[in-house]
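Input: a single structure, listed below in structure tokens.
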Amino acid sequence: MNIQSVPYGHPDAVKLNDEVQAEYVERYGDPDLTVMDPTHFEPPRGLYLLAYDAQGRPVASGGWRSQERSEEGHADGDAEIKRMFVVREVRGQGLARRILAALEDSARAAGRQRMVLETGTEQPEAIALYTSCGYVPITKFGLYRFEDSSRCYGKPLAQAAAGSSAEDATGA
């Protein structure tokens, strides 16, 4: 697999975004209505990655965007993960882990303090991935923070090499 940085508005990114939105509709009944501005993913304040298979087809995506303290519950120094997705045909091959690690490295290099994400109860595979990679539950943030099915996770970046604890991730 070939992982490349691309603009969020790249045609292949749009294609995978359409696929992930269809999966959200399948799982939750509605697409994700979070506002996504392509400029949010431009380095050094963000990054968007696509993975391509041997035939050059886009098969996985993921990005992060800088966030600062906001009414929606973000904290200063956050890097918010968005649009982590792997097409069904290639799931289970470790692509999401590879993209997640690259996103964490990029956000850490950009000086971000904590990686955060919002997912939901209808995505148990995502929850399993993130918790197995050291993410812990945090105070809910974002558009869906008042939804019962929403789950938010975080992982400190500055201390990632030395290990982390739930207290580090939650800011407690």
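Assorted remarks:
- Projected-area average for the range 2-156 over all orientations - Cα convex hull basis, square nanometres: 8.3 nm²
- Here's the list of lysines a cross-link from K155 could span, going by alpha-carbon distance under 20 Å and ignoring same-chain residues fewer than 8 apart: K82, K140.
- Rounded to the nearest 10 degrees, the angle from helix 11-28 to the longest Cα principal axis of the chain is 70 degrees.
- Axis angle, to the nearest 10 degrees, between helix 95-109 and the longest C-alpha principal axis of the chain: 50 degrees.
- Between the range 11-42 and the range 106-153, the alpha-carbon centres lie 16 Å apart.
- Around the amide H of G142, modelled in the peptide plane, lie the amide H atoms of G73, H74, all under 5 Å away and 5 or more residues distant in sequence or on another chain.
- The range 2-156: relative contact order as a whole-number percent, Cα under 8 Å and 6+ apart: 19 percent
Values in this text are rule-based calculations from the coordinates and carry no lab data. Treat the numbers as computed from the prediction; the structure is a model and nothing was measured.
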